[in-house]
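What follows is a single structure, written as structure tokens, with notes after it.
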Amino acid sequence: MKICVIGGGYVGLTTGACLAYVGHKVGIVENNLEKLAVLRSGGLPIYEPGLEDIIRECRQQITFLDALEGEWIESDLIIIAVGTPAKDDGDADLTYLFSAVRDVIAKAEPNRFNTIAIKSTVPIGTNELLVQMFKDEIGKKNVSFVSTPEFLREGFALIDTLYPDRIVVGSRNDRDADLIKEAYLPILTRSFRRPHFVVGNFDKDLPQLIVTTPTSAEMVKYASNAFLALKVSYINEMAMLCDKVGADIEHVAFGVGTDSRIGRSFLRPGIGWGGSCFPKDTSALLKTGEKHGQKLQIVESAILVNNAVKEYFVSIIKDGLGGLQGKVIALLGLSFKPNTDDVRDSPALDIAKRLLDEGALVRATDPMAIKNAMKVLPASDRLRYCADAYEAVTGADAIVIATEWPEWKNLDYGAVSELVRGMFIFDGRNALDKKGLVELGYRYKGVGS
Ligand code: UDX
């Protein structure tokens, strides 16, 4: 098939690259000329393991464009994957989406079917709204909208796209549903070559194709992300209680998660969830609830607990050190999770801000995310970015683990003990070997452990 993806961001690039890998001819439209130049030169404006390799391998099948034009107007399918950033009030900003849709419709040939698949994460009801907004053009230009929500995780974008649990399609007619099925058939039947540059679990059942209405498809996306976010908040709430009653959340989470009805994933305690999806999607879901007069108390609580656990963690550090004023803190990790340079709504940055507010001096480092972190939280006389962990810990009163990069596990903590001023480790991700560190003479404290 000939498929055109509008938006060369995280989702658009991954979707386009994977659809090319499984055999389609793909156009990717990116109107940011700086990003486009990077893409055309074989580079990537974002970091995602394997993505550069897969694009290189399929280079012949991918065309990078600055606009929807030429033969791509007559694509079999147009996928819109533009950004929908959160506005100050928590609602999603749909400016880019509307302008992309307007552009596609303006160029659409009326003598053929023009199916537009919305892959951007959009508020529930957006697909219906598009039908209302463009009701005159839909008939004249033979346009229809489907909803194809995206479930990929950063750091695992390729495995999640090529080996998904499910593909959800919200459509108003069989023809559109069949079209999406055709596009995803190699993924649904796993009839493509196993890519050597993809990491993750390949031994999964074949994905399910779930065909439903556009609004239900949009709802699946939000209800899934909110559920995962609240699972993490739930275990974090239990972690805070564990500290009070003298239990260890690591054992508790294992005990709880081995119940197959609950499952072990998304029960890793720590300083909470961040990133480009959970914070934005849970806020947007609350907004949708508000608009429709439906209180979403569980989602609201998940957000509250996510803030509370960060506050709690900083209070642990403060109590442990007898105050933070003037204390030097080595902050290891800045990205919202490992294997990404993304710092959007990163709990690590939130912890850095709170430590600075309490008067601490922060020495921060990260294997990937320093550049992005500096844009959000500029270096100052009290915040220094360090090239590596050894530089960050030198002279520190305490080490704080804020993102569970494997690099921190592999540090030589014997050598580190010679560099630090204080032997405190506050592990905000429960990532390190508590027993080994205690044996080395460190005072270790995790979240609920
Ligand atoms: C998420 C969803 O998983 C994905 O399906 C959706 O399409 C986009 O949002 P992502 O934001 O890439 O993906 O990260 P994810 O791995 O889900 O982690 C989100 C946050 O939760 C991170 O900050 C992570 O550190 C935190 N988390 C996750 C925990 O604190 N504990 C866990 O057990 C799992």
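The values are calculated or read from the model by the stated rules, or taken from the named source; none is laboratory data. Note that the structure is a prediction, hence the values are computed from the model and not measured. Cβ sites come from the backbone with ideal geometry, for glycine too, and all protein chains shown count toward neighbours. Areas reflect the complete protein model, heavy atoms only, side chains present, ligands, DNA and RNA absent. Shrake-Rupley method; radii C 1.70, N 1.55, O 1.52, S 1.80 Å.
Observations on the structure shown:
- Single residue of the stretch 131-170 satisfying the filter (of a type in the set (Val, Ile, Thr) and assigned to a strand (DSSP E or B)) that is nearest to the ligand (Cβ to nearest atom): VAL168
- Hey, ASP243 under 14 Å from the mean Cα position of the chain (by Cα), in the same structural domain as LYS337 (by TED's automatic domain parsing) and either of a type outside the set (A, V, I, L, M) or closer than 26 Å to THR121 by Cα (or both) or not: no
- Looking only at the stretch 234-248, and only at residues there that are away from the ligand (no atom under 13 Å from the Cβ) and not basic (Lys, Arg), the one that is least open to solvent (accessible area, probe 1.4 Å): CYS242
- Hits in the stretch 127-158 - residues which are open to solvent by 10 Å² or more (accessible area, probe 1.4 Å) and within 19 Å of the chain's Cα centre (by Cα): PRO149, GLU150, PHE151, LEU152, ARG153, GLU154, PHE156
- Tally, over the stretch 199-233, of residues that are assigned to a loop (DSSP other than H, G, I, E, B) and within 15 Å of the ligand (Cβ to nearest atom): 5
- Residues (surrounded by fewer than 19 Cβ atoms within 10 Å (Cβ to Cβ) and either within 16 Å of the ligand (Cβ to nearest atom) or over 26 Å from TYR10 (Cα atoms) (or both)) located in the stretch 369-385: VAL376, ALA379, SER380, ASP381, ARG382, ARG384
- Criterion applied to SER260, SER265 was being within 14 Å of the ligand (Cβ to nearest atom), under 30 Å from GLU150 (Cα atoms) and either surrounded by fewer than 12 Cβ atoms within 10 Å (Cβ to Cβ) or not assigned by TED's automatic domain parsing to the domain that holds VAL447 (or both), and the one residue passing it is SER265.
- Residue check, ALA431 outside any loop (DSSP other than H, G, I, E, B), aliphatic (A, V, I, L, M) and either under 29 Å from the mean Cα position of the chain (by Cα) or under 27 Å from ALA86 (Cα atoms) (or both): no
- In this structure, ALA392 does satisfy being touching a Cys at 6+ places or on another chain (Cβ under 7 Å), open to solvent by less than 10 Å² (accessible area, probe 1.4 Å), assigned to a helix (DSSP H, G or I) and outside the structural domain of ARG153 (by TED's automatic domain parsing).
- Count of the stretch 207-232 residues which are touching a helix residue (DSSP H, G or I) at 6+ places or on another chain (Cβ under 7 Å) and under 30 Å from ARG56 (Cα atoms): 2
- Residues satisfying the stated conditions in the stretch 246-281, i.e. acidic (Asp, Glu) and in a loop (DSSP other than H, G, I, E, B): ASP248, ASP259
- Filter pass, LEU419 being under 29 Å from GLY155 (Cβ atoms), open to solvent by 10 Å² or more (accessible area, probe 1.4 Å), over 26 Å from the mean Cα position of the chain (by Cα) and in the same structural domain as LEU349 (by TED's automatic domain parsing): no
- Residue match in the stretch 319-342 (condition: open to solvent by 50 Å² or more (accessible area, probe 1.4 Å), at pLDDT below 95 and closer than 22 Å to ALA431 by Cβ): yes
- Selection within the stretch 68-103 - within 27 Å of ASP174 (Cβ to Cβ) and crowded, with 21+ Cβ neighbours inside 10 Å: TRP72, SER75, LEU77, ILE78, ILE79, ILE80, ALA81, LEU97, ALA100, VAL101
- Hey, GLY270 under 24 Å from PHE156 (Cα atoms), within 16 Å of the ligand (Cβ to nearest atom) and open to solvent by less than 10 Å² (accessible area, probe 1.4 Å) or not: yes
- Residues of the stretch 425-444 satisfying the condition of being open to solvent by 40 Å² or more (accessible area, probe 1.4 Å) and in contact with a helix residue (DSSP H, G or I) (Cβ under 6 Å, 6 or more places away or on another chain): LEU440
- Only one entry of ALA302, ALA308 meets the criterion of being within 12 Å of the ligand (Cβ to nearest atom) and modelled with pLDDT of 95 or more, and that entry is ALA302.
- Taken residue by residue, the stretch 97-106 has no member that is among the basic types (Lys, Arg), part of a loop (DSSP other than H, G, I, E, B), on the phi < 0 side of the Ramachandran plot and assigned by TED's automatic domain parsing to the domain that holds GLY9.
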